[in-house]
Amino acid sequence: MARYVLRRILLALPALFGLVLLTFVLTRVIPGDPAAALAGDSATPAQIAEIREKYGLDRPILEQALVHIRQVLTGDLGRSIFSGRPVTEEIAQRLPATLELTFAALFLATIIGIPLGLVAALNHNGPVDQIVRLLSVGGLAIASFWLALMLQLVFAMDLDILPLRGRVDVDLGLPPTVTGLLTIDSLLAGRFDQFRDAVWHLVLPAVTLCLPGLASIARFTRSGMLEMLQKDFVLYARAAGYGKFRLYAIYVLRNAVTVTVTQIGLLFGALISGAVAVEAIYDWPGLGTYAVQAILTADYKALLAVTLVVGVVYAVVNVLVDVAQALIDPRVAEDVR
Amino acid sequence: MSASDARSVEPSHAAPLPGNPGEGRGGLKRPRPRFPALRRLLRDPVATFGLALVLFAVFVAIFAPWLAPYPEDAFESHILQRLRPPSAEFPFGTDNLGRDVLSRVILGTRSALLVAVAVVGASLAIGVPVGLVAGWRDGWLSELLMRVTDVFLAVPQLILALALGQLLAPGLTTAMLALALTYWPFFARTVYAETRRLRGALFVDALAGIGASTPRILLLHVLPNAAPAIVIRATIGMGFTILTAALLGFLGVGAAPPDPDWGLAVAEARQHLPEAWWFPTFPGLAILLLVLGFNLLGDGLRDIADPRLRRSRH
Amino acid sequence: MSAVLTRPLLSVENLAVHIRTDGGLARILDDVTLAVPKGGSLGVVGESGCGKSTLLRAILGILPRGATVPKGAVLFEGEDILSDHGASVRGRIGFIPQDPYLSLNPVFRAGDQILEVMRRHAPGRRRDHKEKLVELFRAVQLPDPGGALAKYPHQFSGGQRQRLLIAAALSCEPSLVVADEPTTALDVTTQREILVVLRQLIAERGLSLLFVTHDFGVLATVCDQVAVLYSGRVAETGPTRAVLDTPLHPYARMLLACHPDRATDLLGIPGTVPAATAQPPGCRFHPRCPQLHSGCPIEVPPMLPAGEGRAVACPWYEEAPRG
């Protein structure tokens, strides 16, 4: 098992290395003259030359690439052009908010999506199955930014039962930072009012963000279950006298979710993308709002750092997914190709 | 993403083996029904509904200037009648500049479909050759191509699109370029998997044995067999592209005012909530319906291609 | 044959099973009557498609969706199995499936899968169950019985997996074991070993056995009674030795005649088993029968006693076989 995990990590490294190279190419090659881009529209040729020298842009391209790689490896992603603060610092401050949101969405999608898929498969071609089918296709067709606005319109503006935007109620203050996740930190501090507030603020963004994930998880669980229900071991287990609930909800489901788990890994990229829009609309102080702000202020350093960080998170999630899969299905770790 | 795993490997009927035309089916004179896939699709009401939505959108896009009640509202504004609620005169209401929302939704269909077609087309043009070459050969070229594909897949699509859109001048062309650059890896993966699968098939060995050239095998035999998987991918990709393009428009790195763009309209409507509920609602519904159409169609096609999940069973 | 005279442990009485299919109503089983006496063993033999599997599923209470039972009953120790889909008899009937590879869930430990069934049917502590299971593993001669508990199905060989499943079938101390061609997926040497283990365990524990197979050779090893099934009906029953030596029903006769070694498959008869949706009237074997009489296509032949505890569904069985 340990060897398997190590191998998955090693396999993820080339893609991460490629990602570093790609960010380099994006900054140095595509904008034409990055010095001019850095200096801004009103810069004089002398200022541009100065910036070129300062950032080492007058060196050979290969040397620049090596410098860039070294900087990334040592965690130096440069300073934000907008705020002048180190980009890593700003990202570290915002990452927990995004992680809390995406985890909440993933959690919702999983605990609703898997039972939905299960029930749909057990009622194959029945009314429940048709509803889940429509939901799983429709859920992937809704634009998250539009859904966010509609939910705001109904639940925050019209019914006024959920907060419109933000992550906390300022009057309640913040719990001491331990994990950076407000729901957990408030519980650790024993502040249930803050916990309730954090959850309250999380509801609309998490619901908006979870819908596409819920749709795919329900869909993959359904097809996985349908496939597994044809297997001989299901018949054998029935003959041997497994209880109905245990047979479907544990015994067969575990086989069916191996596919779903892979899907969750692939979903993570979509979740991060969705988070950009959802955060922008709900004023959620995470990486997404940071990225949007970086676009508006033409802060390309910040934007590239976000690309890199998100790429790393994505790679980590995919390694975790592989490990989870090996835990669910013991044959995975032993399958040496 | 294993829509095709269960399908058996057999040569496509569009490409009979050279040297034995019609042999083996000599006794069967009954004409094959034309468009068998379409017939099967039409038997599935939900997929048919998807197809109808897509065809309707194509129709609207083509005849948009004639269908829109106020085609000049693409660019003109009428400040005096701004933010009117839906009425007989303006069924979907008017926007912040007094333009007819219905007209702009109709006119926006054209750009939405255009972006989708262009992006999916460009992604096909990059992804299919990469997948074919990488899947057919072993060696450094294949490795390199697939590693590059993996890198592009590792970057979250939207973020890369945003970064690109920022580095180049923001606009619809940049958005399309960014979307194509981030979508081709999906086609490369699909075609790669199909080519790998077919490479081991007996009929391909037979073709190589009788001396067919590699390009010939790839273009006339492997590609037609990989076509169902590619078509399904492309259909779902159309819906996905429309969604992402709308999001780019919403975030201000896609279509620019005063273009009648659905995503942009939702963004413009934000400041006028909750009063002007109709302003974001109808453009959003248009996105939903068109993407739903493509997704249902893709779903139906997948069911046809993958007998394992076919609903007519039991 | 004193065992035959006592009240049977399992009796299938005039059982008919129909399944609705796209091609029409399939009469899979029609008026099947069988009995397994206490401590006895019955082999059910027939070609594929004769209804063996459906019979098994009826006995285990796991008939497929869409199956109906228009007539008949399956009684186990006097209780009707079909009335509650076998729920009340589970644990008292042990089942050995056909394919040991496909019958175990690959993502759970084999031992846990068996323990789960024991937990449901026998009260007691998990530790006691484990001890008992290891004891069973030893009895079926599984190598390293203690270590086997922690292993996943794919870590066993085919023969070992079948031993596991025999242990599973015995784990709840059943009085009847039902086996569905448990050795077809194995090679010949392993087959023999498994059968020997099975026969020994059945005898030691005084269990009854219902053994479904298409292989006469296997039948002779494990069963003292035999029932030949053709197209959903019983063609002939009797003591195994007698039926194998002098088969009476034309179908049984042909089956055994075309395979003098009696140890291979049963595909040497002209024609095929009729589709379950299109059964011929009268005797279902008449289109393939060399001894066809004018009444055969009209009247369903009743089971006729033929001495020595035998019975045949053919009024012409005493007639000498024709060329």
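The values are calculated or read from the model by the stated rules, or taken from the named source; none is laboratory data. Predicted model only: the values in this text are computed from it and were never measured. With ideal geometry, Cβ positions are generated from the backbone for all residues, glycine too; neighbour counts draw on all protein chains shown.
See the values below:
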quantity: Scope segment B:248-291; condition in a loop (DSSP other than H, G, I, E, B), closer than 19 Å to B:Ser77 by Cα and in contact (Cβ under 8 Å) with a residue 12 or more places away in the chain; matching residues; calculated: B:Ala255, B:Ala256, B:Pro258, B:Asp259, B:Pro260, B:Asp261, B:Ala276
quantity: Yes/no for B:Ala169 being under 17 Å from the mean Cα position of the chain (by Cα) and either buried (at least 23 other Cβ atoms within 10 Å of the Cβ) or closer than 30 Å to A:Thr307 by Cβ (or both); calculated: no
quantity: A:Gly269 being under 30 Å from A:Thr23 (Cα atoms), without any contact (Cβ under 8 Å) to a residue 60 or more places away in the chain, buried (at least 17 other Cβ atoms within 10 Å of the Cβ) and away from every other protein chain (no Cβ under 11 Å); calculated: no
quantity: Tally of residues being touching a helix residue (DSSP H, G or I) at 6+ places or on another chain (Cβ under 8 Å), part of a helix (DSSP H, G or I) and either facing another protein chain (nearest Cβ under 9 Å) or β-branched (Val, Ile, Thr) (or both) across segment B:162-198; calculated: 11
quantity: Residue, surrounded by the most Cβ atoms within 10 Å (Cβ to Cβ), within segment A:291-337, restricted to residues that are over 18 Å from A:Arg85 (Cα atoms) and touching a Gly at 6+ places or on another chain (Cβ under 7 Å); calculated: A:Tyr314
quantity: Pairs, first within 12 Å of chain B (Cβ to nearest Cβ) in segment A:112-131, second crowded, with 22+ Cβ neighbours inside 10 Å and among the small types (Gly, Ala, Ser), C-beta under 6 Å, six or more apart; calculated: A:Asp129/A:Ala120
quantity: Qualifying positions in segment B:150-159 - buried (at least 24 other Cβ atoms within 10 Å of the Cβ) and either in contact (Cβ under 8 Å) with a residue 12 or more places away in the chain or more than 11 Å from every other protein chain (Cβ to nearest Cβ) (or both); calculated: B:Val155, B:Leu158
quantity: Scope segment C:181-201; condition touching a residue at least 24 places away in the same chain (Cβ under 8 Å) and among the polar types (S, T, N, Q); matching residues; calculated: C:Thr183, C:Thr184, C:Thr190, C:Gln191
quantity: Top-ranked residue in segment C:238-250 [being in contact with a helix residue (DSSP H, G or I) (Cβ under 8 Å, 6 or more places away or on another chain) and buried (at least 20 other Cβ atoms within 10 Å of the Cβ); ranked as farthest from C:Thr33 (Cα to Cα)]; calculated: C:Pro247
quantity: Qualifying positions in segment B:56-84 - modelled with pLDDT under 90, closer than 15 Å to B:Ala286 by Cα and assigned to a helix (DSSP H, G or I); calculated: B:Ala64
quantity: Residues that are more than 10 Å from chain C (Cβ to nearest Cβ), in a helix (DSSP H, G or I) and surrounded by fewer than 19 Cβ atoms within 10 Å (Cβ to Cβ), drawn from segment A:224-240; calculated: A:Glu227, A:Leu229
quantity: Checklist (1) more than 10 Å from chain B (Cβ to nearest Cβ); (2) crowded, with 22+ Cβ neighbours inside 10 Å; (3) under 29 Å from A:Ala302 (Cβ atoms) applied to A:Val168, failing item; calculated: (2)
quantity: The one condition in (1) more than 8 Å from every other protein chain (Cβ to nearest Cβ); (2) surrounded by fewer than 19 Cβ atoms within 10 Å (Cβ to Cβ); (3) free of Cβ contacts under 8 Å to residues at least 12 places away in the same chain that A:Gly243 fails to fulfil; calculated: (1)
quantity: For A:Ala189: the one exception among (1) more than 9 Å from every other protein chain (Cβ to nearest Cβ); (2) within 22 Å of A:Ile328 (Cβ to Cβ); calculated: (2)
quantity: Residue match in segment C:257-280 (condition: surrounded by 14 or more Cβ atoms within 10 Å (Cβ to Cβ), modelled with pLDDT of 85 or more and aliphatic (A, V, I, L, M)); calculated: no
quantity: Check on B:Pro129, surrounded by 14 or more Cβ atoms within 10 Å (Cβ to Cβ), more than 16 Å from the chain's Cα centre (by Cα) and within 18 Å of B:Val231 (Cβ to Cβ); calculated: yes
quantity: 3 or more residues under 23 Å from C:Leu170 (Cβ atoms) and touching a residue at least 12 places away in the same chain (Cβ under 8 Å): qualifying strands (runs of 3 or more DSSP E) within segment C:202-245; calculated: C:208-213
quantity: Members of segment B:65-100 that are out of contact with any Ser or Thr (no Cβ under 6 Å at 6 or more places or on another chain), under 22 Å from B:Leu264 (Cα atoms) and of a type in the set (Gly, Ala, Ser); calculated: B:Ala74, B:Ser77, B:Gly93
quantity: Residue pairs meeting the criteria (Cβ under 8 Å; at least 6 apart or on separate chains; first under 19 Å from A:Ala302 (Cα atoms), in segment A:59-85; second of a type in the set (Asp, Glu)); calculated: A:Ser80/A:Glu90; A:Ser80/A:Asp299; A:Ile81/A:Asp299; A:Phe82/A:Asp299; A:Ser83/A:Glu90
quantity: Candidates A:Leu181, A:Leu209, filtered to the one that is within 14 Å of chain B (Cβ to nearest Cβ), in contact with a helix residue (DSSP H, G or I) (Cβ under 7 Å, 6 or more places away or on another chain) and buried (at least 18 other Cβ atoms within 10 Å of the Cβ); calculated: A:Leu209
quantity: Odd one out for A:Ala156 among (1) crowded, with 18+ Cβ neighbours inside 10 Å; (2) modelled with pLDDT under 85; (3) within 14 Å of chain B (Cβ to nearest Cβ); calculated: (2)
quantity: Criterion violated by A:Thr221 - all others in (1) in contact with a helix residue (DSSP H, G or I) (Cβ under 7 Å, 6 or more places away or on another chain); (2) over 30 Å from C:Asp99 (Cβ atoms); (3) modelled with pLDDT of 90 or more satisfied; calculated: (2)
quantity: Segment A:184-200 - residue that is crowded, with 16+ Cβ neighbours inside 10 Å and not aliphatic (A, V, I, L, M) and, of those, nearest to the chain's Cα centre (by Cα); calculated: A:Asp185
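Condition check ((1) more than 30 Å from A:Met225 (Cα to Cα); (2) more than 25 Å from the chain's Cα centre (by Cα)) across all residues:
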| site | (1), (2) |
| --- | --- |
| A:Ala120 | no, yes |
| A:Asn123 | no, yes |
| A:Leu140 | no, no |
| A:Ser144 | no, no |
| A:Leu149 | yes, no |
| A:Leu153 | yes, yes |
| A:Leu159 | yes, yes |
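The rows are residues; the columns are (1) modelled with pLDDT under 85; (2) within 13 Å of chain C (Cβ to nearest Cβ); (3) in contact with a Lys or Arg (Cβ under 9 Å, 6 or more places away or on another chain); (4) within 30 Å of C:Tyr152 (Cα to Cα).
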position	(1), (2), (3), (4)
A:Thr289	no, no, yes, no
A:Ile295	yes, no, no, no
A:Tyr300	yes, no, no, no
A:Leu303	yes, no, no, no
A:Gly311	yes, no, no, no
A:Val317	yes, no, no, yes
A:Val323	no, no, yes, yes
A:Val332	yes, yes, no, yes
A:Asp335	yes, yes, no, yes
